[in-house]
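Remarks on the structure that follows.
The values are calculated or read from the model by the stated rules, or taken from the named source; none is laboratory data. Please read all numbers here as calculations on a predicted model, not as lab measurements. Counting neighbours? That spans all protein chains shown, and the Cβs are built from the backbone with ideal geometry, glycine included. Keep in mind that these areas ignore ligands, DNA and RNA; they rest on the heavy atoms of the full protein, side chains included. Shrake-Rupley method; radii C 1.70, N 1.55, O 1.52, S 1.80 Å.
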Amino acid sequence: MKSYQEMSKEELLQEQESLRAAYRAYQERGLSLDMSRGKPSAEQLELSMPMMDVLSSQTPLVSRDGLDCRNYGALDGLPEAKELLADMVGCKADNVIIYGNSSLNVMYDFISRSFTHGVMGSTPWCKLEKVKFLCPVPGYDRHFSITESFGIEMINIPMSPEGPDMDMVEKLVNGDEAVKGIWCVPKYSNPQGISYSDETVRRFAALKPAAADFRIYWDNAYCVHHLYDDAQDQLLDIFAECEKTGSSNMVYEFLSTSKISFAGAGLAAVAASADNLADIKKQLTNQSIGFDKINQLRHVLFFKDADGIAAHMKKHAASMRPKFEMILTMFDHDLKGRGVGSWCTPKGGYFITYETIEGCAKSVVQMAKEAGVVMTPAGAPFPYGKDPKDAVIRISPTYPSIADLKLATEIFIDCVKLATVEKLLEQYA
């Protein structure tokens, strides 16, 4: 099979004509397919429906330490809920605060509090001339939208198969007092599915920030989202590594059950050092009387422990794995050797990243939209929505049915080929 780069102008024009005919046929079908967000499918949400039966009007709504879960109290969460989420990520329960249903909301709150009150006695960011954040790219668009909404200057940090470019991270964090944080999705990263290597985690723990209020925003959203039982990535415990370097205050670890139980009604939490927790609780006392303890109890009774979560996630994997494998098989069959870009093969998480040849991502996404397939906007995995190479596309396989996903992937493949051919024909213009 020839790559498109090896074709003559005449061959490319012939291929363009064939691809356009197929594309017009898709357009005429009036399709409406959604691959825009990493949402659980209805089948996945059904897995947690038995959770609705663990409580009734006859259930004693009392925590392990005797607290009436219907009343006020337990600002930082039920002890058993803290243990459940701490065991899930491998940290200590004493270092956990349970919030509401959204870890994204917690992250926003931390950025906001840093602006208004500072971090552990430091100058509030609103009083500083410049605040900077490091952003591994491609990354999670909602992370970037938070920092952008506060006017924080975002700096791209290239990702490698080992994680962020740590030479660049160390230079900026250790040398610039204006750098106050870095966004991280350390396991099965959004969108590439990369897990940070042991060396990368150790280098994070060994950072010597110029700013005393620098924090690593360790968003461990996909810590238990494996696709395979026998091929699972392992991630070093960042807190254990920070204890070795005396830098335990440097990390906020965010976690939730949003893609484990119910996307809109799970549990969110933060894990942090004792000093950080004291600082957080000081403000949280003014902000809340406590979060939904009945929901915390419901999760504990349903999952019971980390083993229960692991068993539940195997069911999620059984639903998700065929979708990932179908897309990757179709890519291998229809795109391999064509010179149309590359793609990742993740072992967990929620996404597949496709990288077109330079300058084609926006065209592919727009073509797909006009053929009835809605995708995440090109550029979204980068700060300010600007992909320097216009190449990265995030694919979200989980939400559509397998039939819809197959059709959407067929259209995507046609769009990739067509956009590539038309890009290469520009050299003849």
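Here are a few things to note about the model shown:
- Pick from the range 1-11, criterion surrounded by 12 or more Cβ atoms within 10 Å (Cβ to Cβ) and over 38 Å from the mean Cα position of the chain (by Cα), ranking: nearest to K336 (Cα to Cα): M7
- Residues (among the polar types (S, T, N, Q) and crowded, with 19+ Cβ neighbours inside 10 Å) located in the range 353-392: T353, T356, S363, T376
- In the range 25-57, the residues that are surrounded by fewer than 11 Cβ atoms within 10 Å (Cβ to Cβ) and over 34 Å from the mean Cα position of the chain (by Cα): E28, S56, S57
- Selection status of L277, more than 25 Å from M52 (Cβ to Cβ) and modelled with pLDDT of 95 or more: yes
- Meets criteria (in contact with a Phe, Trp or Tyr (Cβ under 9 Å, 6 or more places away or on another chain), within 24 Å of Q427 (Cβ to Cβ) and modelled with pLDDT of 95 or more) for G348: no
- The residues listed here are P186, P191; of these, the one that is farther than 29 Å from E83 by Cβ and assigned to a loop (DSSP other than H, G, I, E, B) is P191.
- Test result for P60, open to solvent by 20 Å² or more (accessible area, probe 1.4 Å) and not in a loop (DSSP other than H, G, I, E, B): no
- Contact annotation: residue pairs with Cβ atoms under 6 Å, 6 or more positions apart or on different chains, pairing a residue in the range 92-110 that is among the hydrophobic types (A, V, I, L, M, F, W, C) with a partner that is assigned to a helix (DSSP H, G or I) and surrounded by fewer than 18 Cβ atoms within 10 Å (Cβ to Cβ), are L104/R142.
- Test: residue in the range 376-386 that is under 25 Å from H316 (Cα atoms), without any contact (Cβ under 8 Å) to a residue 24 or more places away in the chain and either among the hydrophobic types (A, V, I, L, M, F, W, C) or assigned to a loop (DSSP other than H, G, I, E, B) (or both): no
- Within the range 326-352, considering residues that are under 23 Å from E43 (Cβ atoms) and part of a helix (DSSP H, G or I), the one least open to solvent (accessible area, probe 1.4 Å): I327
- Look at the range 122-143: where a residue is within 17 Å of K389 (Cα to Cα) and a partner is acidic (D, E) and open to solvent by 20 Å² or more (accessible area, probe 1.4 Å), sitting 6+ places away or on another chain with Cβ atoms under 9 Å, you get P136/D165; V137/D387; P138/E355; P138/D387.
- For K369, the conditions (1) closer than 15 Å to K423 by Cα; (2) of a type outside the set (S, T, N, Q); (3) without any contact (Cβ under 8 Å) to a residue 60 or more places away in the chain all hold with the exception of (1).
- Selection from the range 393-429 of residues that are open to solvent by less than 30 Å² (accessible area, probe 1.4 Å), over 22 Å from the mean Cα position of the chain (by Cα) and over 14 Å from Y354 (Cβ atoms): L407, L418, V421, L424, L425
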